[in-house]
Amino acid sequence: STAQIGVTGLAVMGRNLARNLARHGYAVAVHNRSHARTRSLVDEHGGEGVFVPAESMADFVAALERPRKVVVMVKAGGPTDAVIDELIPLLEPGDIVVDAGNAHFPDTRRREAELKKHGLHFVGTGVSGGEEGALNGPSIMPGGSKESYAALGPILEDIAAQVDGEPCCAHVGPDGAGHFVKMVHNGIEYADMQLIAEAYDLLRQGLGASAAEIAGIFAEWNTGDLESYLIEITAQVLAHTDAETGAAFVDVVLDQAEQKGTGRWTVQNGLDLGVPITGIAEATFARALSGSVPQRAAAAGVLPASTEEWAVPAGDRDAFVEDVRLALYASKVVAYSQGFDQIAAASEEFGWDIDRGEVARIWRGGCIIRARFLNRITEAYQRDADLPLLLADEYFTGAVGNGVAAWRRVVSEAALHGVPVPAFASSLAYYDGVRAERLPAALIQAQRDFFGAHTYRRVDRDGVFHTEWSGDRAEEKR
Ligand code: 6PG
């Protein structure tokens with residue numbers, strides 16, 4: 001056995017991870033269902049390090065030092081199960097199987113439990129950063145046992161993105177914690193992207209600005225608090241011109257957003273755990289709305305708008321841009337705050353003991369949502385590891401509080417002029433909801449008691465009560 005780690009599944013992500021490992025001096029066994037892929041990897045990149053190509057799964061496993069570390073990088077779902085089933089009889093107790101694909105965390109929990117029966121470690125690992133990240137340093141979110149992390153962690157930390165001399169990789173928690181955190185990362189990614197898209201739409205419609213002009217605004221924003229990978233690539237996308245038509249590239253792309261499902265999982269889990277991740281949900285539904293083709297066709301030009309043409313007056317343009325920037329930042333903080341609430345709830349539910357400050361720390365580099373402000377999140381959880389609400393941390397109350405008036409102006413302008421800003425608006429509604437001293441939920445409880453005898457609690461006394469709505473309306477203690 002000559003390889004320290006192996007990668008099976010050599011589509012672009014697996015291939016790039018294998019190259020990243022080899023470039024860091026690890027001898028990497030490589031395997032793919034069709035051997036041609038393995039050969040082309042070695043032919044094209046053999047010079048980057050030590051690759052040990054294997055034609056069969058048995059040869060692949062035999063090439064690995066013990067405890068064996070096998071990274072599986074195939075399509076989530078059935079294909080992952082098929083590879084695991086093939087591996088189980090070939091492995092020995094103590095070996096580690098790493099699933100680095102975008103698996104749904106309940107699948108990871110099931111697989112971990114199954115492999116444990118065979119004495120094997122299963123490490124569901126989130127990997128973010130796309131092809132580029134896999135090759136040059138992704139953000140890595142491993143779950144699984146502490147013991148497996150002791151053997152595997154140093155290797156993953158080596159190949160991860162590095163920020164301020166720290167690897168963007170840490171043991172997130174046992175079991176499915178790694179894939180769970182990656183799922184929420186993707187949910188936040190959806191929210192971030194939707195918020196940016198809404199900001200773009202507001203600038204385009206309010207200012208009548210061209211895509212290229214807005215590219216300049218985003219590039220400028222990227223030098224401040226909003227500095228992040230997604231803002232940076234937005235500026236690049238908006239500056240791009242379609243070669244064929246000469247039009248702004250963004251204008252030739254069909255406006256129907258697709259998804260592979262991680263955002264949907266995040267929202268479904270938010271519902272299961274009862275965590276209001278409204279920013280992520282709005283972003284996911286906004287994609288669904290964009291793809292609702294027959295509905296959009298039935299509505300366009302038919303549903304009355306009752307709005308007037310919108311043009312921000314020349315003298316107010318800079319102030320408007322600044323308002324949109326502040327609203328974007330505030331909404332973004334809400335989306336992250338909600339995502340971190342979801343992580344806390346799952347950590348509690350499954351006993352994962354996830355350190356949220358660490359999660360923010362390993363998202364600072366390599367991943368799609370990498371951003372300057374993640375440092376602020378880490379600092380907030382360092383101040384208080386049990387912080388009940390990120391938004392209520394002293395830094396964020398200041399940063400968001402500073403933009404609330406602008407946020408309100410932007411959402412009301414959007415409503416007045418018929419520009420859909422579901423993520424901006426729902427984030428503001430969440431902000432007002434969570435800070436309200438009293439909510440109309442009291443009325444909902446009363447209604448539930450009225451029609452279904454579902455009972456209510458009182459503000460002034462302990463206990464559970466029901467009112468005899470159909471009788472004398474006397475209150476009884478239940
Ligand atoms: C990442 C990305 C990656 C992928 C998403 C895209 O972290 O590197 O999140 O996982 O790009 O799955 O998701 P949709 O296709 O659902 O938009």
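The values are calculated or read from the model by the stated rules, or taken from the named source; none is laboratory data. Small disclaimer: the values here were computed from a predicted structure and weren't measured. Heads up, the Cβs are rebuilt from the backbone with ideal geometry, glycines too, and the neighbour counts pull from every protein chain shown.
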Item checked: Matching residues, the range 99-144, being touching a strand residue (DSSP E or B) at 6+ places or on another chain (Cβ under 7 Å), away from the ligand (no atom under 16 Å from the Cβ) and either more than 27 Å from GLY270 (Cβ to Cβ) or among the aliphatic types (A, V, I, L, M) (or both) -> LEU115, LEU120, HIS121, VAL123
Check: within 16 Å of the ligand (Cβ to nearest atom) and surrounded by fewer than 24 Cβ atoms within 10 Å (Cβ to Cβ), is that true of ALA197?
Finding: yes
Next item on the list: Would you be able to say whether some residue in the range 281-290 is among the aromatic types (Phe, Trp, Tyr) and within 16 Å of the ligand (Cβ to nearest atom)?
Entry: yes
Notebook entry, point to check: From the residues in the range 237-250 that are over 30 Å from HIS179 (Cβ atoms) and surrounded by 13 or more Cβ atoms within 10 Å (Cβ to Cβ), which one is nearest to the ligand (Cβ to nearest atom)?
Noted result: VAL250
Next item on the list: Only residues that are under 21 Å from ILE369 (Cα atoms) and free of Cβ contacts under 8 Å to residues at least 24 places away in the same chain: list them for the range 229-253, please.
Entry: GLU232, ILE233, ALA235, GLN236, VAL237
Next item on the list: Can you give me the number of residues within the range 349-375 that are within 13 Å of the ligand (Cβ to nearest atom), on the phi < 0 side of the Ramachandran plot and outside any helix (DSSP H, G or I)?
Entry: 6
Next item on the list: Mind listing just one residue for me: the one in the range 252-268 that is part of a helix (DSSP H, G or I) and in contact with a helix residue (DSSP H, G or I) (Cβ under 7 Å, 6 or more places away or on another chain) and, of those, farthest from the ligand (Cβ to nearest atom)?
Entry: VAL267
Margin query: Looking at the range 291-320 only, could you name the residues that are surrounded by fewer than 12 Cβ atoms within 10 Å (Cβ to Cβ) and within 16 Å of the ligand (Cβ to nearest atom)?
Written below: none
Margin query: Quick check on the range 17-68: of everything there that is assigned to a strand (DSSP E or B) and in contact with a helix residue (DSSP H, G or I) (Cβ under 8 Å, 6 or more places away or on another chain), which residue is farthest from SER139 (Cα to Cα)?
Written below: PRO53
Margin query: For the list (1) out of contact with any His (no Cβ under 8 Å at 6 or more places or on another chain); (2) surrounded by 15 or more Cβ atoms within 10 Å (Cβ to Cβ); (3) of a type in the set (Gly, Ala, Ser), I need the number of the one condition that ALA82 fails.
Written below: (2)
Checklist line | Subset of the range 415-451 [out of contact with any Pro (no Cβ under 9 Å at 6 or more places or on another chain) and β-branched (Val, Ile, Thr)] | finding: VAL419, VAL421, ILE444
Item checked: Some residue of the range 278-288 being among the acidic types (Asp, Glu) and modelled with pLDDT under 95 -> no
Notebook entry, point to check: Within the range 90-129, can you find the residues that are in a loop (DSSP other than H, G, I, E, B), crowded, with 17+ Cβ neighbours inside 10 Å and of a type in the set (D, E, K, R)?
Noted result: ASP95
Notebook entry, point to check: Which residue, of ILE354, ILE343, is modelled with pLDDT of 95 or more, under 21 Å from GLN194 (Cβ atoms), crowded, with 19+ Cβ neighbours inside 10 Å and under 20 Å from the mean Cα position of the chain (by Cα)?
Noted result: ILE343
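Looking at GLU157, GLU132, GLU198 in this structure, which one is within 23 Å of the chain's Cα centre (by Cα) and under 25 Å from HIS417 (Cβ atoms)?
Matching residue, one of GLU157, GLU132, GLU198: GLU198.
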Next item on the list: Give me the pairs, please: first residue somewhere in the range 128-148 and touching a residue at least 12 places away in the same chain (Cβ under 8 Å) and acidic (Asp, Glu), second residue anywhere and surrounded by 24 or more Cβ atoms within 10 Å (Cβ to Cβ) and not in a strand (DSSP E or B), beta-carbon distance under 6 Å, and either six or more positions apart or on two chains.
Entry: GLU131/ASN16
Check: In this structure, does VAL333 turn out to be exposed (fewer than 12 other Cβ atoms within 10 Å of the Cβ) and either β-branched (Val, Ile, Thr) or away from the ligand (no atom under 16 Å from the Cβ) (or both)?
Finding: no
